1. State the extension gain, in nm to one decimal, for the chain segment bounded by A:Leu13 and A:His27, taking 0.36 nm per residue of separation less the distance between their alpha-carbons.
2. Give me the dipole magnitude in Debye, nearest 20, for the protein assembly as shown about the Cα centre, with unit charges on the beta carbon: positive for Lys and Arg, negative for Asp and Glu.
3. Considering amide H positions built from the backbone, and no H for Pro or chain starts, which residues 5 or more places from B:Val11, or on another chain, come under 5 Å of its amide H?
4. If you place +1 on the Cβ of every Lys and Arg, -1 on the Cβ of every Asp and Glu, and leave all else neutral, what size is the dipole of chain A about its Cα centre, to the nearest 20 Debye?
5. Could you name the aspartates and glutamates whose alpha carbon sits less than 12 Å from that of A:Lys175, not counting residues in the same chain fewer than 8 places away?
6. Each residue of segment A:256-271 in turn: what ³J(HN,Hα) in whole Hz from Karplus with 6.51, -1.76, 1.60 and θ = phi - 60°, glycine and Pro shown as x?
7. Give the shape of segment A:151-278 as rounded, prolate or oblate, defined through the alpha-carbon gyration tensor: a ≥ b ≥ c are the square roots of its eigenvalues, a/c under 1.5 means rounded, and otherwise the shape is prolate if a/b is larger than b/c and oblate if not.
8. Take every Cα pair under 8 Å in segment A:151-278 that's 6+ residues apart, average their separations, divide by the length, and report that relative contact order as a whole percent.
Amino acid sequence: MKADAATGNVNVLPARRLKLPVLDRRHAGREFVWLTLEAPADWRSLPGQFVNVLCMPDEHAPAATDGRVLDGESVWPRTEGLELAQPGPIVRRPYSISRIRREGDRVRLILLVQRRGAGSRFLQEQPVGAALDVVGPLGTYFTPPTDERLCVLVSGGCGLAPILGLADRLAALGKPCLSFFGCPTAAAMPVTFRTPPAATRDRPEATEAIEEFAAAGIPTVLATDDGSAGFGGPVTAALETWLGEGWNGRPPALYGCGPEPMLKALAKLAEAHDLPCQVSLERYMGCGVGVCLSCVAKRRDPASNKGWTYFLTCRDGPVVDAREMIWDET
Amino acid sequence: MSDKVDLSVTVGRIRMKNPIATASGCSGYGEELAAFFDPSILGAIVTKSITLAPCEGHPPPRLAETRAGMLNAIGLANVGLEAFLNEKLPALAQYDVPVIVSVAGSTQEEYVEAARALDAATDVAGIELNVSCPNVEKGGMEFGVDARLLAGLVEAARQEVSRATLIVKLSPNVTDIASMARAAVDAGADALSLINTLRGLAVDPWTGRPVLTNVTGGLSGPAIKPVALYMVRRVWEEVAGPRGVAIMGLGGIQFVEDVLEFLRAGATCVAVGTANFINPETGRELVEGLGEALRKLGCRSPRDLVGALEAGGKT
């Protein structure tokens with residue numbers, strides 16, 4: 001493993017297709033499940049990268065019954081007639097790799113699954129012991145700052161997933177961090193509260209209330225759209241207020257993941273305050289590996305006569321420079 | 001008697017070591033799948049469609065999942081002929097696999113000019129005329145749904161293509177695919193590939209807007225397999241079988257059983273499209289599994305199965 005001394009970046013292995021067993025599943029907040037997957041010992045990925053997960057049962061895989069594996073060949077005569085293959089969604093679903101836990105030879109990947117449609121429902125219902133068909137690691141990753149400036153981590157909803165992985169990495173590198181985390185309402189937050197979150201109305205107040213960040217020594221400003229916890233309003237409005245109060249020392253670096261309107265607002269703040277800003281994008285993807293060309297987004301390109309070019313979110317993203325993005329299309 | 005299965009097949013002048021190819025638009029320029037298996041094990045690679053000039057493609061969303069399938073409207077995004085010849089083809093040529101280049105255009109002249117340049121490139125084994133893309137305004141499917149236009153295009157391309165195998169990719173968006181196949185073969189096509197995607201529409205029920213920016217898209221995946229099998233059968237019976245022209249079958253192929261079905265319907269080889277997205281190792285799994293499946297059926301070659309469909313279903 002080769003590490004870049006300045007950034008702590010490590011080279012990552014190329015994408016592979018793997019069957020990763022589910023070790024643990026835990027409901028959190030409304031609509032979320034944390035899935036812990038067992039990865040091979042040589043797994044390497046960086047915060048911001050993703051895995052592309054098949055969300056259908058593998059009918060060609062051996063069936064497991066009471067721990068006994070039945071092989072594919074039946075002893076009964078072949079029956080004629082219809083036996084439909086292919087239940088469930090067709091295309092894989094991209095999921096950010098959240099935290100990675102290493103204990104000796106064991107590597108565990110944690111994914112955050114929000115209930116949205118057939119794919120996420122399939123994943124949320126996978127029992128411990130099931131094996132998920134996963135392709136990864138894929139895509140680009142967050143780059144830590146090369147100096148000791150403050151890293152401001154901004155996440156909304158399931159955008160929390162890669163940001164938690166990034167928080168772990170930045171904490172390990174000794175970078176100072178502050179987190180902003182927003183959800184529609186307190187009950188929807190897929191986090192563990194150390195102390196019940198107080199409503200602070202229009203004041204962005206950093207507290208140790210969220211265990212996941214506090215454990216890494218990172219205070220968090222909470223925001224809820226309904227004002228039920230922390231700042232009342234969008235998380236980017238909380239950030240805007242905080243940025244308006246100014247900062248000490250070097251200008252902070254912004255990192256974000258969340259719904260598109262949040263990322264747009266974040267990019268606008270980065271522009272207004274002239275701050276570096278990396279965001280992780282979400283797009284519909286057909287393949288995740290740069291083949292189907294469906295996950296395009298626009299970015300500025302002075303070399304192009306149009307002033308922009310499409311890039312592939314799966315290959316050239318999902319982590320991109322927010323200030324290069326053109327947000328007019330989703 | 002040896003029970004060894006010889007998987008090789010011939011399509012036009014292309015010798016394929018097995019009947020498994022990757023379909024146009026579903027394997028990029030080959031290199032993307034190399035992370036998952038060595039492309040050299042494939043029978044052939046069909047590239048993303050190339051146009052004379054580079055093309056950005058349609059604004060997103062370009063993809064919509066459907067039940068048992070997906071709609072796409074990529075809009076022929078590609079690097080253009082020059083960049084393909086200079087950058088992509090040399091990278092593809094390092095693999096020991098025939099390269100079939102899919103070609104699209106908005107006029108007959110554009111198709112012919114691209115075909116001429118590709119015929120001159122010795123690393124190109126085949127040229128597939130994509131006359132069936134449902135997602136572009138001009139050209140594309142317009143040629144694939146009008147037998148007279150199609151015949152003119154294939155004839156003109158034939159004049160310029162003397163070395164490479166000339167394949168015509170047929171559209172399922174027609175009343176009678178056999179008449180299109182006949183027009184293509186009469187005009188000089190060496191082989192036929194079918195089917196391209198079926199034109200479809202996905203609607204967001206709550207906003208009332210089409211899901212795709214292009215409004216309509218091409219339906220692919222397991223959903224279209226029965227349509228593809230029927231069309232392969234019909235073209236094989238009416239044109240390809242009697243004329244000795246090979247069919248490359250496409251449409252929802254994911255498992256070895258699917259390959260057997262297409263061979264029986266009349267395909268000499270198959271191409272894997274949407275299944276590459278479901279499982280990027282599909283090509284390898286089919287190549288590895290086909291020999292055993294043929295052995296089970298008592299076949300020594302996939303050729304033994306081509307067109308082997310019994311007279312009627314079980315009643």
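Every number here is computed from the coordinates shown, using simple stated rules; none is lab data. This one's a predicted model, so the numbers in the text were calculated from it and none came from an experiment. With ideal geometry, Cβ positions are generated from the backbone for all residues, glycine too; neighbour counts draw on all protein chains shown.
1. Values: separation 14, 0.36 × 14 = 5.04 nm, distance 3.07 nm.
Length gained between A:Leu13 and A:His27: 2.0 nm.
2. Working: 64 positive and 74 negative charges, 92 e Å.
Around 440 debye, computed over the protein assembly as shown.
3. Amide H neighbours of B:Val11: B:Met16.
4. Details: 36 positive and 38 negative charges, 62 e Å.
Around 300 debye, computed over chain A.
5. Cα-Cα hits under 12 Å: A:Asp147, A:Glu148.
6. x, 8, x, x, 3, x, 5, 5, 4, 5, 5, 4, 5, 5, 4, 5
7. Values: a/c = 1.43, a/b = 1.13, b/c = 1.26.
Rounded, since a/c falls under 1.5.
8. On the way: 264 pairs, mean separation 36.1, N = 128.
With pairs under 8 Å counted, the relative contact order is 28 percent.
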